[in-house]
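Take a look at the structure set out below.
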Amino acid sequence: MKIILASNSPRRKELLEQVGIEFEVMSSDVDEITDKTAPADVVMDLSRIKAEAIARNNKGVVVLAADTVVAYNGQILGKPKGEADAFKMLKLLSGKAHQVFTGVTIVDEAGESNSFFESTDVLMYENSDELLKKYIATGEPMDKAGAYGIQGKGAVLVKEIKGDYNNVVGLPLSRVCKELNFEL
């Protein structure tokens, strides 16, 4: 089966390659706008919009799209708008638990769409302002939802997780494999 990953995310690409799924990358370049407000609904709707945009022009292939957000007390924290915004987000999350939601949509060869989400709880250490500023200075948080990347230097901020680690990275890999009926 031919698979198109409707994402330019290097992390999603690496995760699929990790298990040997063959795919090609095609960015959807759609406006990521939704009227949903609950984190799970937002990520599923946005992943569906991206997947269906690619599927419209690529009949007979499987299209996989995903969207990830960080939520604290039900409030979605997107990518920071600058260093001050990154600091504000990381300070908010410091010493507290939050959730990472990833919505996935798979459009099969027949054009049937299936959307689902995974949620992982993440507990941050009580991190000092100095550590947060040093982390922000690396530039890593600037393109990450919630202003951190668990798979990079941001790992030092995280005390524990409950759930799928890969979901926090950006794709609930084992669930995606099950949904695709992919076996090693």
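The values are calculated or read from the model by the stated rules, or taken from the named source; none is laboratory data. Keep in mind that this is a model prediction, so the values were computed, not measured. All Cβ positions, even for glycine, are placed from backbone atoms using ideal geometry, and neighbour counts span all protein chains on display. Protein only, heavy atoms only, side chains kept; ligands, DNA and RNA dropped before computing areas. Shrake-Rupley method; radii C 1.70, N 1.55, O 1.52, S 1.80 Å.
What the table below lists for this structure:
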read-out: From phi via Karplus (6.51, -1.76, 1.60), per-residue ³J(HN,Hα) for the stretch 75-92 in Hz, x at Gly/Pro; value: 8, 7, 10, x, 7, x, 7, x, 5, 5, 5, 4, 4, 4, 5, 5, 5, 4
read-out: Antiparallel DSSP beta bridges within the stretch 1-91, as percent of all bridges there, nearest 5; value: 40
read-out: Relative contact order (percent, whole number), the chain, Cα cutoff 8 Å, 6+ residue spacing; value: 22
read-out: Read-out Rg/Rh (Cα atoms, Kirkwood Rh), derived from the coordinates shown; its label in [x] 1.09; [y] 0.99; [z] 1.28; value: [y]
read-out: Length released on extending from Lys91 to Glu112, taking residue separation times 0.36 nm less the Cα-Cα span; value: 3.3 nm
read-out: 13 Å beta-carbon shell around Lys2, net charge (K/R +1, D/E -1); value: -3
read-out: FRET efficiency estimate (nearest 0.05) - Cβ-Cβ, Ala84 to Gln18, R0 45 angstrom; value: 0.80
read-out: At q = 0.16, 0.17, 0.18 Å⁻¹, base-10 log of I(q)/I(0) for the stretch 1-83 (Debye sum, equal scatterers on each alpha carbon); value: -0.68, -0.75, -0.83
read-out: For Thr105, net neighbour charge (Lys/Arg +1, Asp/Glu -1) across residues whose Cβ lies under 14 Å away; value: -3
read-out: Solvent-accessible area per residue, Å², over the chain with all protein chains present [probe radius 1.4 Å]; value: 50
read-out: In order through the stretch 165-181: 3J(HN,Hα) via Karplus (6.51 cos²θ - 1.76 cosθ + 1.60), integer Hz, x for Gly, Pro; value: 4, 4, 4, 5, 5, x, 7, x, 4, 5, 5, 4, 4, 4, 5, 8, 6
read-out: On Cα atoms only, tilt of 39-56 relative to the major axis of the chain in degrees; value: 40
read-out: Calculated FRET value between Lys2 and Asp29, using beta carbons and R₀ = 22 Å, to 0.05; value: 0.60
read-out: Hz values of 3J(HN,Hα) by residue in the stretch 133-142 - Karplus curve (6.51, -1.76, 1.60), Gly and Pro given as x; value: 5, 5, 5, 4, 5, 6, x, 4, x, 5
read-out: Sequence ranges 88-95, 47-54, ranked by mean other-Cβ count within 10 angstrom, highest first; value: 47-54, 88-95
read-out: Summed residue charge, Cβ within 14 Å of Ile49's Cβ, Lys/Arg positive, Asp/Glu negative; value: -4
read-out: Fraction of accessible area attributable to carbon and sulfur, the chain (%, probe 1.4 Å); value: 48
read-out: Dipole magnitude (debye, nearest 20) for the stretch 115-182, charges at Cβ of Lys, Arg, Asp, Glu; value: 120
read-out: Overall form of the stretch 13-57 per C-alpha gyration tensor (a/c, 1.5; a/b vs b/c); value: oblate
